[in-house]
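Asks: Sharing a structure here in structure tokens format.
Throughout, read-outs are computed from the coordinates displayed, never taken from laboratory work. Remember, predicted model here, so these are calculated numbers, not experimental data. Ideal geometry is used to build each Cβ from the backbone, glycine not excepted, and the neighbour counts take in all protein chains shown.
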Amino acid sequence: MTDAPPLPTIDFYERADCPACEEARHALQQVLEDRSKRGEPVARIRYIDIGGHSAFEARFGYMVPVLVAGSRQLSLTTSYQAIARFVDSVLPRVV
């Protein structure tokens, strides 16, 4: 039996006092809880506030909330369905 590859970390770029970021954070939490209930892998989430970080501000500007995993990126969404599709695209699923 071979070991499964490590799960990617999903970076969640947000800004303080951002209602859309808060909504996306809640949707992401629900997606991860639903995956866990189904026995599917759940990645580690790294929350990053872009405020005051010029490199992140230049990269993401007003596109927050942004989810990034490897080369994949999802910007400006708070939709459970869109976030679930993104997470499913970067994590293995139980069939």
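Asks: Considering only the stretch 25-34, how many residues are in contact (Cβ under 8 Å) with a residue 24 or more places away in the chain and out of contact with any helix residue (DSSP H, G or I) (no Cβ under 7 Å at 6 or more places or on another chain)?
Replies: Qualifying residue count for the region: 3.
Asks: Sticking with this one: Pull out all pairs, ordered by first then second residue, where Cβ-Cβ is under 7 Å, the residues are six or more apart or on different chains, the first lies in the stretch 61-73 and is within 13 Å of residue 91 (Cα to Cα), and the second is part of a loop (DSSP other than H, G, I, E, B).
Replies: 69/8; 70/8
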